[in-house]
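For reference, the structure discussed in these notes is given below.
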Amino acid sequence: MKTWKLVSGILSIVLFMVVAFQSCAAGLVNTVTANGQSSGSAGILVAIVMLSGGIVSIVTRNGSKGGNIALIVLFGLGALVGFALAGNFADLNIWAGWCLINAIVAVVSLIKSKAR
């Protein structure tokens, strides 16, 4: 699990930039077209959660119960917001899926650490 947490943390931090850029573009489109959607704002929230989750993942890669719980909460929140508010920003479903994968791996890591 150490390697996964390190790799997923680095990828989450790198993907933060992609998601933030796309979210700004989606927010601009939402504003210009006045379609009443908030997918750009939701994308910014998901990007911030991915950044913070990536940092927590790297810092707690050696396995701590609190770190796994924090990852479950952070990435779970990112997945929930992403899937619920994707709207016309369809790529947000992909980033929410990444958050969901990370949350599931954190749950597995938490269960494995309890079994020891």
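The values are calculated or read from the model by the stated rules, or taken from the named source; none is laboratory data. A quick note: this is a predicted structure, and the numbers were derived from the prediction, not measured. Neighbour counts run over all protein chains shown; Cβ positions are idealised from the backbone, glycine included. Ligands, DNA and RNA are stripped out before the accessible areas are found, and what is left, the full protein with its side chains, is counted by its heavy atoms. Shrake-Rupley method; radii C 1.70, N 1.55, O 1.52, S 1.80 Å.
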With the chain treated as a Gaussian network of Cα nodes joined by springs under 10 Å, which of PHE16, PHE83, PHE75 yields the largest mean-square fluctuation?
PHE83
Cα centroids of segment 1-20 and segment 47-116: how far apart, whole angstrom?
10
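So, with a 1.4 angstrom probe, what is the percent of accessible area on the chain that is carbon and sulfur? Intermediate results must be reported in sequence, preceding the final value.
Working: 4580 of 6120 Å².
Summing carbon and sulfur atoms, their accessible area is 75 percent of the total for the chain.
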Diffing segment 17-32: the Karplus 3J(HN,Hα) column from phi (6.51, -1.76, 1.60, θ = phi - 60°), in whole Hz with x for Gly and Pro, holds 5, 5, 5, 5, 5, 5, 5, 4, 5, 5, x, 5, 4, 4, 6, 5
In Å, the Kirkwood hydrodynamic radius from C-alpha pairs for the chain sits at 14.1
Which ³J(HN,Hα) values, rounded to whole Hz and listed in residue order, are derived for segment 79-87 from phi using the Karplus coefficients 6.51, -1.76 and 1.60 in 6.51 cos²θ - 1.76 cosθ + 1.60 with θ = phi - 60°, glycine and proline given as x?
5, 4, 5, x, 5, 6, 10, 4, x
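Which value, in debye to the nearest 20, gives the size of the charge dipole of the chain about its Cα centre, when Lys and Arg are +1 and Asp and Glu are -1 at the Cβ?
Values: 7 positive and 1 negative charges, 146 e Å.
Its charge dipole is roughly 700 debye.
What is the local net charge at VAL56, summed over the other residues whose Cβ is closer than 15 Å to its Cβ (Lys, Arg +1; Asp, Glu -1)?
Details: positive: LYS2, LYS5, ARG61, LYS65; negative: none.
Overall, the nearby charge balance is +4.
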Per residue of segment 94-107, in order, report the coupling 6.51 cos²θ - 1.76 cosθ + 1.60 (Karplus, θ = phi - 60°) as ³J(HN,Hα) in whole Hz, putting x for Gly and Pro.
5, 5, 5, x, 4, 4, 5, 4, 5, 5, 5, 5, 5, 5
